[in-house]
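The values are calculated or read from the model by the stated rules, or taken from the named source; none is laboratory data. This one's a predicted model, so the numbers in the text were calculated from it and none came from an experiment. Methodologically, a virtual Cβ is constructed for each residue, glycine included, from the backbone with ideal geometry; neighbour enumeration extends over all protein chains shown. To get the accessible areas, we keep the full protein, side chains included, count just its heavy atoms, and leave off ligands, DNA and RNA. Shrake-Rupley method; radii C 1.70, N 1.55, O 1.52, S 1.80 Å.
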Amino acid sequence: MSSVRERFLRYVQVETTSCEANECCPSTPGQMILGEMLVSELLAMGVRDARMDAHGYVYGSIPAKGAGQKPAIGLIAHMDTSDAVPGTTRPQVIPAYDGGVIRLQNGTEISGFSFLQQLKGQELIVTSGDSVLGADDKAGVAEIMALCERLLAPDAPDHGKICIGFTPDEEIGRGADLFDVEGFGADFAYTVDGGALGELEYECFNAASCRVTVKGVSIHPGSAKGQMVNASLIAMEFAGMLPSWERPEHTEGYEGFYHLTGMSGNEEAAELRYILRDHDAAKLEEKKATVLAAVAWLNGRYGEGTVTVELKDSYRNMREIVEQYPEILDRAKKAFLDNGIEPSTQPIRGGTDGARLSYMGLPCPNLSTGGYNFHGRKELIPVPAMEKMVDVLASLVC
Ligand SMILES: [Zn+2]
């Protein structure tokens with residue numbers, strides 16, 4: 001037997017940062033190393049069909065036990081970690097947190113977070129201060145692995161078929177790209193990829209990306225009068241036409257936004273890259289219409305073809321799909337409540353693999369892992385929260 005704690009500490013030490021610039025899948029070789037490790041551990045505990053495909057997706061299943069028809073339930077977590085902070089994870093253990101300021105090995109301090117008080121007395125796993133911890137989402141991986149081991153013990157309770165999936169490259173938005181929904185074989189699934197204990201999420205953004213390109217006319221500034229068309233200035237004009245109060249830094253809850261993720265330019269050519277987000281599909285369409293209207297207006301002023309725009313849909317709010325199956329959410333709520341945890345549902349201000357999978361025929365809300373402060377050096381996870389999540393997953397499938 002290997003506890004969820006031991007598993008977590010083992011998995012986070014494998015470097016699996018994904019990399020957007022790499023076209024291949026998985027985007028980085030470390031993910032394959034972790035994938036192989038998980039397959040051999042699954043085989044060793046008795047998951048006979050554990051396997052990894054050529055793209056680093058790990059699958060396996062545990063047959064139903066006991067009488068009666070039960071649904072086949074999928075559990076999914078991602079193996080890659082965010083590149084928000086570079087560096088190799090060296091997890092540190094705080095045996096019993098005193099409730100005060102946490103001083104990490106490199107001097108970084110963790111304080112001022114309202115959740116810290118609730119963690120007093122608990123064993124915490126933190127970073128050295130030089131990297132992310134990778135609880136997003138190796139806590140999910142470790143919790144699912146620990147559940148498998150529990151279900152394969154001779155005295156395990158009855159359960160339906162369990163389908164396990166560990167995906168690569170979630171952090172760069174590709175986790176669902178090559179997921180084999182049919183081969184996976186689940187009726188529905190849950191990603192275990194959320195934060196604080198009790199999170200149950202089934203609403204995410206509708207998402208689109210937008211690339212605006214501006215063509216200008218470059219000429220020596222000394223003789224530019226009446227001739228030069230400065231592409232960079234027109235790009236700035238475009239940026240100024242979008243509502244500045246609808247930016248990530250000014251929005252929360254169900255408020256959508258336009259977010260400038262990159263820009264480049266000179267007199268001759270300029271480019272702006274945006275992501276557009278809204279929980280409400282109609283409001284996302286309005287945002288696209290605003291972009292198109294701004295482009296049309298600028299072309300009216302500077303000439304047809306000066307500004308061009310490319311709009312692309314990325315993912316959709318899974319609520320539309322998941323809401324058709326209230327029993328999937330009820331099952332998760334009951335699993336939390338049975339373990340003394342009040343479930344909390346909040347709209348995700350982002351997307352998940354589950355959103356894409358929901359539209360690929362596998363309804364898939366998201367459950368907590370128990371971790372905090374993902375994608376940063378101050379990421380941490382309490383060990384009791386991981387242990388509790390293994391109990392919740394057991395209630396979910398039994
Ligand atoms: Zn994640």
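Annotations
- Helix 281-302 axis, angle to the chain major axis (alpha carbon atoms, nearest 10°): 20
- Counting every pair of alpha carbons in the stretch 60-105, the share spaced more than 14 Å apart comes to 74 percent.
- Rounded to the nearest 10 degrees, the inclination of helix 30-45 to the longest alpha-carbon principal axis of the chain is 20 degrees.
- Where only C-alpha atoms are counted, convex hull volume of the chain per residue in Å³: 158
- Accessible surface of the stretch 262-356 [probe 1.4 Å, protein heavy atoms]: carbon and sulfur percent: 48
- Rounded to the nearest Hz, the phi-derived 3J(HN,Hα) couplings of the stretch 363-377 under the Karplus curve 6.51 cos²θ - 1.76 cosθ + 1.60 (θ = phi - 60°) are x, 8, x, 10, 10, 5, 10, x, x, 9, 6, 4, 6, x, 5, where x marks glycine and proline.
- Full-extension gain in nm, residue 360 to residue 345, via 0.36 nm per residue minus C-alpha separation: 3.1 nm
- Extension gain (nm, one decimal) between residue 155 and residue 177, 0.36 nm per residue minus Cα-Cα: 4.2 nm
- Low-density loop positions, trypsin sites (Lys or Arg not before Pro), the stretch 97-197 - DSSP coil, at most 11 other Cβ in 10 Å: 120
- All Cα pairs of the stretch 149-300, percent lying beyond 27 Å: 49
- The DSSP beta bridges internal to the chain are antiparallel in roughly 75% of cases.
- Amide H contacts of residue 19 (H built 1.01 Å from N, under 5 Å, at least 5 apart or other chain): 27, 28
- Probe 1.4 Å, accessible area per residue of the chain, Å²: 44
- Over 18 Å (Cα to Cα) - which of 65/334; 70/161; 120/388; 138/161 fall in this group: 65/334; 138/161
- Cut-off 16 Å (backbone N to label point 7 Å along Cα→Cβ of residue 114), residues of the stretch 339-365: 344-347
- Taking each residue as 0.36 nm, the span from residue 249 to residue 273 lengthens on full extension beyond its C-alpha to C-alpha distance by 6.9 nm.
- Cβ-placed point charges (K, R +1; D, E -1), dipole of the chain about Cα centre in debye, nearest 20: 280
- For the stretch 1-139: Kirkwood Rh in Å [reciprocal of mean 1/r, alpha carbons]: 17.3
- Helix-only mean residue ellipticity at 222 nm for the chain, each DSSP H run of n ≥ 4 adding -39500 (n - 2.57), per residue, nearest 500: -9000 deg cm²/dmol
- When both the stretch 162-204 and the stretch 241-287 are represented by their alpha-carbon centers, they are found 27 Å apart.
- Per-residue Karplus couplings for the stretch 74-86, computed as 6.51 cos²θ - 1.76 cosθ + 1.60 with θ equal to phi - 60°, are listed in order as x, 10, 10, 9, 9, 8, 7, 10, 5, 8, 4, 10, x Hz, Gly and Pro entered as x.
- Listed peptides 246-253, 55-62, 231-238 by packing density, highest first (mean Cβ within 10 Å): 55-62, 231-238, 246-253
- In sequence order, the stretch 116-129 has phi-based couplings of 4, 4, 5, 9, 4, x, 8, 7, 10, 10, 10, 8, 7, x Hz under the Karplus curve 6.51 cos²θ - 1.76 cosθ + 1.60, θ = phi - 60°, and Gly or Pro positions carry x.
- Volume per residue that the Cα convex hull of the stretch 29-95 spans, once the total is divided by residue count, Å³: 174
- Nearest-10 value in Å² for the accessible area of residue 297, using the 1.4 Å probe: 130
- Candidate residues 155, 137: accessible-area rank, largest first, probe 1.4 Å: 155, 137
- In this simple spin-label approximation, residue 233 and residue 92 carry label points 7 Å from Cα along the Cα→Cβ vector, and these lie 5.3 nm apart.
- Calculated diffusion of the stretch 295-398, Stokes-Einstein form, Kirkwood radius summed over Cα pairs, 25 °C and 0.890 mPa s, µm²/s: 144
- Computed with a 1.4 Å probe over protein heavy atoms only, the accessible area of residue 334 comes to about 120 Å².
- To the nearest ten degrees, helix 135-151 and the longest principal axis of the Cα atoms of the chain are 30 degrees apart.
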